[in-house]
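Notes follow once the structure below has been shown.
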Amino acid sequence: MAEKSGVYLKKIMNDPIFRIFILMSAVVIFGALLMPGKFLTAGNMTSIAKQLSEYGILALAVFICMVSGGIDLSVVYIANLCGIIIGTMLSKTIGSSDFAGSAAWMIVFSSAAVMAVGCVCGALNGILIGKLKVPAMLATLGSGQLILGISTVITNGQAITGVPAVFTKLSGIKFWILPLNFQVFIFCAVIMYMIMSRTSFGLRTLLIGSNSKAAFFSGINNNRDLVKIYTISGLLASVSGIISTMRMSSAKPDYGTSYIMFSILICVFGGTSPNGGKGNVPGIVLAAIVLQMVATLMNMFQNLSTFYRDIVWGALLLIMLIINYILDNRHVTKR
Amino acid sequence: MMPIMKKILNRTETYVILTALLFGIAVEAVSGQFFSNTGMINLARAVMVYLVFGITEMLSLTCAGPDVSYPALASLSAFITASWFGSASYQGSIIVPFLVCMAIGALGGMINGYIMARFDFPSLIVTLGTSSVFSGIMYGPLKASNTILHGTMAEFGSINMIAVTNPENGLKANLPAQFLIVTVLYLIVFFLLRYTMFGRGLYAIGSDKAAAERSGFKTGRIIFLAYTLGGTIAAIGGFMYTCNVGAISPSDLMGGEMIIIAACTLGGIRPGAGIGGLFNVIIGVVLLIMIQNNLLMLGIPLYFQDVFTGAIILLGTIVAINSQRSRNGIKKNG
């Protein structure tokens, strides 16, 4: 009996979600002790939830590509392009008029249009990677540059401002202490979870990631699935762009380029294997929450320059890679 | 005769050189200043630093994958060196700051190299992490900012090797003496790649790591050495850039990894496949920098440059990869 519980404990310890969960509790306790009355408040939790949604969704976009054995470096630029398009569309049509039925329809319509743009960008990546066999890294690097260029042409290199207040007010809508942005993030995560664990497409994605040749010989149409995977990634990126414009009430062609590193960090933190074939959605959600909590905690120390965060993120990425590697390999040899 | 022609026509390099020539002719037709002595010297001057970074990227691309940490590493080592030796109070030899800069670069390269050699991670993700650490150290604890250089380092940057004047319009152009460093670096790395076990091993690892290991190459040591060498060369590039500009400008080089990776792939280097050499770096860098610097001359507005570069990168990679695939007889869908 004792042996059995030991095995059970080991099994839990090997679960990346459980590891992150422990880490999250540690961060919460640490934060509550270091910044009493400041960290563990409803207002702070709301702002954490609001901030993490954008790159949480970007991380989901990188996640599905990473699981399939590739990577998407263009997500941030797709998000920026979509933010710019929706910002321009809304400021041209609604302007500064008050909330009205037509404004609501316009928001719905332009969101749909922008999501379509995201799908097209993603499908372009998918075709490059699936059909034309360009390595994912190179393809998305190039398409990222192309999309950045398109955004620059649209805005003449300036930031888009003057987004209607009707639109930016939407991010104030709350469900309990959870802002709309976070609800969208959770919605995306649930859909992705369903796709990855309940559909054959999710299973095929994992297969392509772990061994694309074996996947091909077992009758999977790799090309078609890769196009689908990157289209989903582009769609998620566009959602992130909409949310970010909503929160910041502005958009810029090269906004948040460091988010690429950050979303990869979230993926690796959440237990996604950078070599593909392994990963889970709940891990991504928890990782995004933990990392934003750490970021907020670091922001509370006034004299700590924001650049220290870069050091912490970079070091964390490397450390998590190594820890996951060691734990996974131990698991393999034990089995 | 025919097989030779066929062989030449089958090479990516041929097309890259042809494109570069065609582009040069187009610029010449519009501005009449490309194939002049000043035009050529200006081109050599523009590609100088990129050629150095190209070696770093090539070393990483051949054996593992892209290295995106070299701009941060080059900036960091150049910044530290310049803040120690860049003031008027230092009047000693240029060799000392040069060696210090190389040492810092080597140290950073070792970090990359150790992780890459010890674990089997994608180089892109590892170097993204180290890049963030390097730039964080530079801006955070070291508080990097723009400063004008004085003393030996500034003098070193302003030495010119060749100075020419265009007889037609009186325009002048200079080639810095630092171009000699680039030449020496290329000779050294060429020798290393062709005549040492390290160089042969690098290509063996690139084409098949397991096979290289079984045939007796010490893969870990070779990868470690490749990244250390890459870091050292990146630092030299950063040092040259800082001296040349005459100022510490830490953010200038950031984001440049994109251009170099693109130049290498355009030149015919396949990431992580053990294909490509220094010649590919040179033609790729020259083509891309030439296009970037002359788009304005062809009447393409500044805002369209990113679109243009992106499109060229994508088209170039598609053509290069698919021509190689059909040559190697790899079946589609593989």
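What follows is calculated from the coordinates using simple rules that are stated; it is not laboratory data. Since the structure is predicted, the reported quantities are computational estimates derived from the model, not experimental observations. With ideal geometry, Cβ positions are generated from the backbone for all residues, glycine too; neighbour counts draw on all protein chains shown.
Look at the Cα gyration tensor of the stretch A:28-99: its axes a ≥ b ≥ c give a/c of at least 1.5 with a/b at or below b/c, and that counts as oblate. The fewest-to-most ranking of A:Ser74, A:Ser171 by surrounding Cβ atoms within 10 Å reads A:Ser171, A:Ser74.
Hey, how many Å between the Cα centroid of the stretch B:144-187 and the Cα centroid of the stretch A:26-50? If you average the Cα positions of each part, the centres end up 54 Å apart.
Computed from the Cβ-Cβ distance with R0 of 41 Å, the FRET efficiency linking A:Asp328 to B:Asn322 stands at 0.70. Legend: calculated FRET efficiency, B:Met297 to B:Arg11, from the Cβ-Cβ distance at R0 = 30 Å, rounded to 0.05, equals 0.55.
Length available on full extension from A:Ala315 to A:Gln302: 0.36 nm per residue minus the Cα-Cα distance, which gives 2.5 nm. For the pair A:Leu203 and B:Leu18, a Förster radius of 45 Å applied to the C-beta separation gives a FRET efficiency near 0.45, rounded to the nearest 0.05. In summary, the convex hull built on the alpha carbon positions of the stretch A:70-180 has an orientation-averaged projected area of 8.4 nm². Diffusion coefficient of the protein assembly as shown by Stokes-Einstein, Kirkwood radius over Cα pairs, 4 °C, 1.567 mPa s: 49 µm²/s.
For B:Ala247, the residues whose modelled amide H falls within less than 5 Å of its own, excluding neighbours fewer than 5 places apart on the same chain, are B:Leu149. Among A:Ser151, A:Ser212, A:Ser91, sorting on how many other beta-carbon atoms sit within 10 Å of each Cβ, with the fewest leading, yields A:Ser91, A:Ser212, A:Ser151. Pull out a ≥ b ≥ c, the square roots of the eigenvalues of the alpha-carbon gyration tensor of the stretch B:131-247, then state rounded if a/c is under 1.5, prolate if not and a/b is larger than b/c, and oblate in the remaining case. Oblate is the answer for the stretch B:131-247, as a/c is 1.5 or above yet b/c matches or exceeds a/b.
For chain A, a crude dipole built from +1 on the beta carbon of Lys and Arg and -1 on the beta carbon of Asp and Glu, taken about the Cα centre, is about 700 debye to the nearest 20.
Highest GNM mean-square fluctuation among A:Ser250, A:Ser258, A:Ser240, for chain A modelled with Cα contacts below 10 Å: A:Ser258. Here is the P(r) of the stretch B:163-224: all C-alpha pair distances, binned every 5 Å from 0, give 4, 16, 17, 12, 9, 9, 7, 6, 6, 6, 5, 3, 0 in whole percents. Scale the Cα Rg of the stretch B:1-150 by the rule-of-thumb value 2.2 N^0.38 Å and send over the ratio, two decimals. For the stretch B:1-150, the normalised Cα radius of gyration is 1.40. Listed by Cβ neighbour count within 10 Å, with the fewest neighbours leading, A:Trp176, B:Trp84, A:Trp105 appear as A:Trp176, A:Trp105, B:Trp84. Within a straight-line Cα-Cα reach of under 16 Å, B:Lys218 can be paired with the following aspartates and glutamates, leaving aside sequence neighbours fewer than 8 residues apart in one chain: B:Asp120, B:Asp208.
A simple rule links phi to the HN-Hα coupling: the Karplus curve 6.51 cos²θ - 1.76 cosθ + 1.60 with θ = phi - 60°, which for the stretch B:130-136 gives 5, 4, 4, 5, 4, 5, x Hz, with x for Gly and Pro. The share of alpha-carbon pairs in chain A lying farther apart than 38 Å comes to 17%. Starting from the Cα of B:Ala88, move 7 Å in the Cα-to-Cβ direction to define the label point; list residues of the stretch B:128-157 whose amide nitrogen is under 15 Å from there. So the set is B:148-155. Computed from the alpha carbon positions, the gyration tensor of the stretch B:178-334 leads to an equivalent ellipsoid with semi-axes of 30, 24, 13 Å, biggest first. Only Cα sites of the stretch B:2-328 enter the Debye sum here, all with the same form factor; the resulting log10 I(q)/I(0) across q = 0.07, 0.13 1/Å is -0.29, -1.02, listed in q order. Longer than 22 Å from Cα to Cα, which of B:Lys6/B:Lys209; A:Lys169/A:Lys252; A:Lys228/A:Lys278; A:Lys169/A:Lys228; A:Lys133/A:Lys228 are they? Say none if no pair is. With Cα atoms farther than 22 Å apart: B:Lys6/B:Lys209; A:Lys169/A:Lys228.
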